[in-house]
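Here the structure is laid out as structure tokens; the discussion comes afterwards.
The values are calculated or read from the model by the stated rules, or taken from the named source; none is laboratory data. This is a predicted model, so every value here is computed, not measured. FYI the Cβ positions are ideal-geometry reconstructions off the backbone, even for glycines, and counts take in every protein chain you see. Quick note on the areas: whole protein, heavy atoms, side chains included, nothing else; ligands and nucleic acids left out. Shrake-Rupley method; radii C 1.70, N 1.55, O 1.52, S 1.80 Å.
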Amino acid sequence: MDAILFLIFAAIAVACAINLVVQKHPITSALSLVGVMGALAVIYLLLGAEFIAAAQLIVYAGAIMVLFVFVIMLLNAGEEKKPARPSWFAKILGVPLVIAVLGLLNFFVQHGSPDSTITFGEYTGTAKDVGRALFTTYLLPFEITSVLILVAILGAVVLARKEMD
Amino acid sequence: MNFFIISLIKAGIVAAVLMTTLAYLQWVERKVIAHIQLRIGPYRVGPHGLLQPLADVVKLLTKEDLVPSHVNKFFYLAAPIISVALALTSISVIPFGPEIEVFGVRTYLQLTDLNIGVLVLLAISGVSVYGVALAGWSSNNKYALLGALRASAQMISYELPLALAVASPLLLFNTLSLREIVDAQAGYSFGFIARWAIFQGPLPQIISFIIFLIAAFAETNRIPFDLPEAENELVAGFHTEYSSMKFAAFFMAEYANMVTICALATTLFLGGWHPPFPVEFGSNYIPSALFALCGAVALYHALHPARPKDRFTLPVFAVVFFAIALAIAVPALNPILAPLFWFAAKTGFLLFLFIWVRGTLPRFRYDQLMRFTWAFLFPVSIVHLFATALAVALFTR
Amino acid sequence: MGLNGLIGPVPLSWYLMLSAILFTLGVAGFLLRKNLITVFMSIELMLNAVNLTFVAFSRHYKQVDGQIFTFFVMVVAAAEAAVGLAIILTVFKNRSTLLVDDVDSLRL
């Protein structure tokens, strides 16, 4: 059951990611990315990371990607006019190289990674565990990220405000 | 296998009840608004217009299903499906009642209980922006696009105070599972004050309840925050180009969102299915008494000479009310129906509040709407969250 | 592996492989696409792929630290999206184009 679920959602994630790269229109790409994120959220659940799965949907799909869609709608960004003109080099070697890279990756991952299997439900990193680690061991990084967010807000406001003239 | 069968039965019942509620919520809304405006509302189809929802469904089903030629077809068709599917999904984590035993099978009156139930609801409400945004964008219509832009900006902005308002009662309960949240609100302090979140120490959550309600109005795009579909500026907002069943899907999604958010407010702040005062004081008899009273009122009005048509319809209602009163009073059914009654009563009251506000308040201006959330609601909810955290740290455990 | 492998538990390497594929696709999108926003989204895809590795290893070592790191990546991604989209908005305001190739006034 685990493997079937994994394969289904991995397939969805990969299909959406390919769609992201292939599609001409930015809004289609954005929604494909939302699809990838949704599929990854399910895979996080399979890995027993409940809180991260929820955060993935709330933060990534519900906030960051909405921002992207919002900007695309605001700028009314159309399809890419200029087709990417691949060189003869890319035309001939592109697909074989991709296959070679993925093959190499597969080889290294299969042989280099720890040999273990993951059973659903065996271990769960609950929201409580995450919260405890976040506010004890990782308190300083947590506080620093809040400063980072503040800086980001200020930066965004400064960049996007109307010029006073 | 047993689990699957029970789940299927429960899902079927919940779906049937939810659909009926959605249809009749619309009837109730029209009636209440009509009475606020000194009209009588739907009165033609069936007694007191009770068959109006059915007529509406038939009308919407038989209308021409139009797809304008200038739309982005895929997203145009996907948007209503996304909206309605997400809106209906979120009801599955709401607990309606305690564990019950029917024909020897023990089960909870809840479709499924998740460890992260509250987060799942927040996630679904966050993702449901896409339905609205896509509808507006794919319609290829300036009014729809403006409506969608407004809707997404508004929903992102109001999600912050909503999430912060949800966070403060969670500090009291120390859990994210909705079933445990309801359990944490059981019992009575001093023997008679219900330990609901809005009454529970160390800091009663009344302020965050109010913030939650205000943000909920904005999240469901209801008056006074219905800017995305402000008809005098934007025709019909994001669903201008939609007709027939696709329009009905958006309509259904809006009402389903209302029901879910009211049910969530009930669960988080109003003690879920727990009665407002202890069983020893007779809270189990209240539902029966209320329904019997309704029956009596219906009978009284049936005898009134000025309403000749109601001589036949109202006694039927009276009989129905008396039957419900009797059913709740039966000792075997009471432990199932009484919690359901309290849950439905609280949720129903909040829904009535939504309609009441719609009948009372005017619409905000767009800049007022944004300033209200960023400059007022958001700081207040943060301060309230801090206050709650401080109170919990000082006075509990 | 066979059919039994399809029903039983999932090897850790599968998760890593999925992550690698997604990362590769992100790189491909970053290199191939011309639209600023799509390029930006490819970066987000890469971040997501890395997150998956973190969570998979967090599960493998039965420790919560990997999830914490994912959380930080999300926070940084949110900050990055806010600033990045503001920059894109400004670029569009000044040059009314979203193509990376057209934003080249620093080129000699």
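Here are the numbers:
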quantity: Span-like helix ranges in chain B, DSSP H, alpha carbon extent 20 angstrom or more, Kyte mean at least 1.0; calculated: B:2-36, B:73-89, B:142-173, B:244-269, B:286-302, B:310-329, B:334-360, B:378-395
quantity: Hits among lysines - C-alpha to C-alpha of B:LYS31 under 22 Å, sequence gap 8 or more where chains match; calculated: B:LYS59, B:LYS309, B:LYS346
quantity: Exercise: per-residue mean of other protein chain Cβ atoms within 10 Å, B:373-383; calculated: 0
quantity: Lysines whose Cα lies under 16 Å from that of C:LYS93, excluding same-chain neighbours fewer than 8 positions away; calculated: A:LYS162
quantity: For the protein assembly as shown: rounded, prolate or oblate by the Cα gyration tensor [a/c cutoff 1.5]; calculated: prolate
quantity: Chain A: DSSP helices with Cα axial extent of at least 24 Å and average Kyte-Doolittle hydropathy no lower than 1.0; calculated: A:2-22, A:26-46, A:88-112, A:139-160
quantity: FRET efficiency, B:TYR285 to A:LYS128 (Cβ-Cβ, R0 30 Å, nearest 0.05); calculated: 0.15
quantity: Alpha carbon convex hull of chain A, volume per residue in cubic angstrom; calculated: 193 Å³
quantity: Given 11 as the ceiling on other Cβ atoms within 10 Å, longest exposed-site-free region of chain C for trypsin sites (Lys or Arg not before Pro) in DSSP loops; calculated: C:1-61
quantity: Normalised convex hull volume, chain B, alpha-carbon set, Å³ per residue; calculated: 161 Å³
quantity: Degrees, to the nearest 10: C:12-32 long Cα axis against longest axis of chain C; calculated: 10 degrees
quantity: Pairwise label distance in nanometres, B:GLU101 with C:LEU99, each label 7 Å out on the Cα-Cβ vector; calculated: 7.5 nm
quantity: Low-density loop positions, chymotrypsin sites (Phe, Trp or Tyr not before Pro), segment C:44-108 - DSSP coil, at most 13 other Cβ in 10 Å; calculated: C:TYR61
quantity: Cβ neighbours within 10 Å from other chains - mean over B:122-128; calculated: 6
quantity: Whole-angstrom gap from segment B:200-216 to segment C:40-108, using each part's C-alpha centre; calculated: 36 Å
quantity: Stretch in chain B that is longest and holds no chymotrypsin sites (Phe, Trp or Tyr not before Pro) that DSSP places in a loop and that have at most 10 other beta carbons within 10 Å; calculated: B:191-397
quantity: For chain C, accessible area per residue (1.4 Å probe, heavy atoms of protein chains only), Å²; calculated: 44 Å²
quantity: Shielding by partners - mean other protein chain Cβ count within 10 Å, residues of A:15-26; calculated: 6
quantity: Span from the segment B:307-353 Cα centroid across to the segment A:1-79 one, whole angstrom; calculated: 45 Å
quantity: Gained length - B:GLU64 relative to B:ILE5, 0.36 nm times residue gap less alpha-carbon distance; calculated: 17.4 nm
quantity: Relative contact order (percent, whole number), segment C:43-99, Cα cutoff 8 Å, 6+ residue spacing; calculated: 24 percent
quantity: Label point distance in nm, A:LEU97-A:LEU7, each placed 7 Å from Cα along Cα→Cβ; calculated: 3.2 nm
quantity: For chain C, the fraction of alpha-carbon pairs in successive 10 Å shells from zero, as %; calculated: 14, 31, 28, 16, 8, 3, 0
quantity: At q = 0.23 Å⁻¹, base-10 log of I(q)/I(0) for segment C:43-99 (Debye sum, equal scatterers on each alpha carbon); calculated: -0.84
quantity: Segment B:223-311: trypsin sites (Lys or Arg not before Pro) in DSSP coil with no more than 13 other Cβ atoms inside 10 Å; calculated: B:LYS309
